[in-house]
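The values are calculated or read from the model by the stated rules, or taken from the named source; none is laboratory data. Bear in mind the structure is a predicted one, so any value in this text is a computation, not a measurement. Backbone-built Cβ (ideal geometry, glycine too); neighbour counts: all protein chains shown. Areas reflect the complete protein model, heavy atoms only, side chains present, ligands, DNA and RNA absent. Shrake-Rupley method; radii C 1.70, N 1.55, O 1.52, S 1.80 Å.
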Amino acid sequence: MRDIPLGVTEKRSAEQMLQDLLKEQSQEAAGLLAPRRMRDAAQASIAEHCGAFLKDLTAKGRVFRYVQAVGGYVGTLIKECRWEHLKDVTGESFTVWRQNQTKAPKTLNEYLMGARVFFNWMVRQKLTKENPLADVELARVEGFQKRVRRAYAPQEVRNLLAVAGERMPVYLTALLTGLRRGELMQLRWADLDLVASAPSVKVRASISKNHREAVLPLHSDLVEVLRELRPAECNPESSIFKGLLPRTKRFRADLKAAGIDGQDKGRGRLDFHSFRVTYCTELGSLVGSERVRMELMRHHDPRLTAETYTDARMLPLGDAVAKLSFHRSETRSEQYAPISAPISAQTGVQSGQTVSSCVTETASADGHETLVNRGEKSLPVVLCHGLSKVGE
């Protein structure tokens with residue numbers, strides 16, 4: 001039982017309103033009519049819903065740059081696709097808009113994903129029944145990137161550090177920790193442990209992109225530079241790189257002074273975030289475990305580590321191929337010699353072939369012999385008959 005104020009005093013009007021309410025609820029229960037909350041949402045403008053969505057993101061603690069980016073994507077679509085109400089939002093309208101764009105496929109996908117996040121929020125708020133863009137396919141990115149980011153070459157790193165001046169500690173920290181620009185901006189002296197046997201930096205959850213705290217080891221060269229940078233008397237809560245982080249214009253001037261073409265379209269562009277790509281790429285050449293790289297990069301998707309943040313052109317592919325040796329034999333004359341001798345059915349050893357570096361031990365309990373290959377430098381072919389064990 002529910003009490004619903006009708007706002008009327010005349011009995012006949014009240015009874016008619018009651019019948020309308022019962023009819024409405026019956027149709028909603030049968031699926032013939034959308035709930036009133038959804039019907040009211042359909043009358044409001046999309047821009048109004050978007051404003052409420054962005055306020056909710058801020059209230060949940062999402063970083064400002066993310067809220068700003070999503071708001072920009074959705075706001076642009078509302079304007080250029082002419083979405084005034086929910087009924088105007090269709091997969092077809094977005095597809096037509098996308099067909100007329102000159103933006104990179106990756107950027108178009110960001111618009112689509114931002115809009116999907118917004119409409120998924122509306123579904124959870126019971127403002128609409130389904131996401132109208134759920135079935136729209138993402139644009140293919142592979143092979144169509146307009147702005148491919150690459151890693152810095154070792155000589156480029158040395159040249160940049162040599163001309164960076166007071167900004168050298170910033171660049172070196174980015175190169176040897178993989179921290180993002182926004183994280184470096186908010187890094188405090190209290191986040192550094194430079195006196196322990198294993199120096200480290202703590203990336204607070206409040207400044208991390210994934211909102212998770214992480215403790216990363218520091219390279220000895222970086223520890224020395226940070227110790228020199230730290231003033232004798234400093235507030236632990238003060239910013240480490242206050243006034244040192246360069247803006248885009250200053251950063252490009254440093255690249256130019258180092259003889260680095262940041263807009264090299266043939267090899268890929270270079271920017272501040274390329275320091276993080278360089279960090280991950282160099283780790284790929286030195287660390288055998290992908291899990292270690294993921295932890296240092298603070299990734300949860302191995303594809304992000306192995307693909308997005310690894311510049312495959314910088315990997316030692318030639319050295320890896322040169323190390324292949326499975327095709328080689330003991331001596332060069334034996335490398336590609338065909339096996340033509342018949343195999344003895346009784347002994348399992350080719351006639352005329354000697355089994356080197358093998359010792360026949362005592363018979364096992366079941367009467368079968370055990371052969372142990374004692375050779376360390378030879379790779380003899382051993383085919384034995386009726387043996388239960390073959391040792392190393």
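Okay, here's what the table says:
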{"quantity": "In the range 86-144, residue farthest from Leu57 (Cα to Cα) [restricted to those that are part of a helix (DSSP H, G or I) and open to solvent by 80 Å² or more (accessible area, probe 1.4 Å)]", "calculated": "Gln99"}
{"quantity": "Residues of the range 113-135 satisfying the condition of being more than 23 Å from the chain's Cα centre (by Cα) and not basic (Lys, Arg)", "calculated": "Phe119, Trp121, Met122, Val123, Gln125, Leu127, Thr128, Glu130, Asn131, Pro132, Leu133, Asp135"}
{"quantity": "Hits in the range 217-228 - residues which are closer than 22 Å to Tyr279 by Cα and either open to solvent by 30 Å² or more (accessible area, probe 1.4 Å) or in contact with an Asp or Glu (Cβ under 9 Å, 6 or more places away or on another chain) (or both)", "calculated": "Pro217, Leu218, His219, Ser220, Asp221, Glu224, Arg227"}
{"quantity": "Failed item, numbered, when Leu255 is tested on (1) over 26 Å from His300 (Cβ atoms); (2) open to solvent by 20 Å² or more (accessible area, probe 1.4 Å); (3) not aromatic (Phe, Trp, Tyr)", "calculated": "(2)"}
{"quantity": "Filtered residues of the range 48-79 (kept if open to solvent by 60 Å² or more (accessible area, probe 1.4 Å) and free of Cβ contacts under 8 Å to residues at least 24 places away in the same chain)", "calculated": "Glu48, Lys55, Thr58, Ala59, Lys60, Arg62, Phe64, Tyr66, Gln68, Lys79"}
{"quantity": "Residue match in the range 154-163 (condition: farther than 16 Å from Val223 by Cβ, outside any helix (DSSP H, G or I), in contact (Cβ under 8 Å) with a residue 24 or more places away in the chain and open to solvent by less than 50 Å² (accessible area, probe 1.4 Å))", "calculated": "no"}
{"quantity": "Pick from the range 1-45, criterion open to solvent by 100 Å² or more (accessible area, probe 1.4 Å) and of a type in the set (A, V, I, L, M), ranking: modelled with the highest pLDDT", "calculated": "Met1"}
{"quantity": "Check on Leu176, in contact with an Asp or Glu (Cβ under 8 Å, 6 or more places away or on another chain), surrounded by 12 or more Cβ atoms within 10 Å (Cβ to Cβ) and over 14 Å from Asp271 (Cβ atoms)", "calculated": "yes"}
{"quantity": "Residue in the range 275-282 that is among the β-branched types (Val, Ile, Thr), surrounded by 13 or more Cβ atoms within 10 Å (Cβ to Cβ) and assigned to a loop (DSSP other than H, G, I, E, B) present", "calculated": "no"}
{"quantity": "Set Val321, Val292: member being at pLDDT below 90 and part of a helix (DSSP H, G or I)", "calculated": "Val321"}
{"quantity": "Criterion: open to solvent by 20 Å² or more (accessible area, probe 1.4 Å) and touching a residue at least 24 places away in the same chain (Cβ under 8 Å) - qualifying residue of Arg204, Arg150, Arg167", "calculated": "Arg167"}
{"quantity": "Candidate set from the range 178-190 (those that are in contact with a Pro (Cβ under 9 Å, 6 or more places away or on another chain) and part of a helix (DSSP H, G or I)); member that is farthest from Ala151 (Cα to Cα)", "calculated": "Ala190"}
{"quantity": "Some residue of the range 140-162 being more than 30 Å from Phe251 (Cα to Cα) and of a type outside the set (S, T, N, Q)", "calculated": "yes"}
{"quantity": "Among residues of the range 267-294, those that are free of Cβ contacts under 8 Å to residues at least 40 places away in the same chain and among the acidic types (Asp, Glu), counted", "calculated": "1"}
{"quantity": "Filtered residues of the range 300-315 (kept if out of contact with any Cys (no Cβ under 7 Å at 6 or more places or on another chain) and buried (at least 19 other Cβ atoms within 10 Å of the Cβ))", "calculated": "Asp311"}
{"quantity": "Only listed residue being assigned to a loop (DSSP other than H, G, I, E, B) and open to solvent by 20 Å² or more (accessible area, probe 1.4 Å), chosen from Gly243, Gly262", "calculated": "Gly243"}
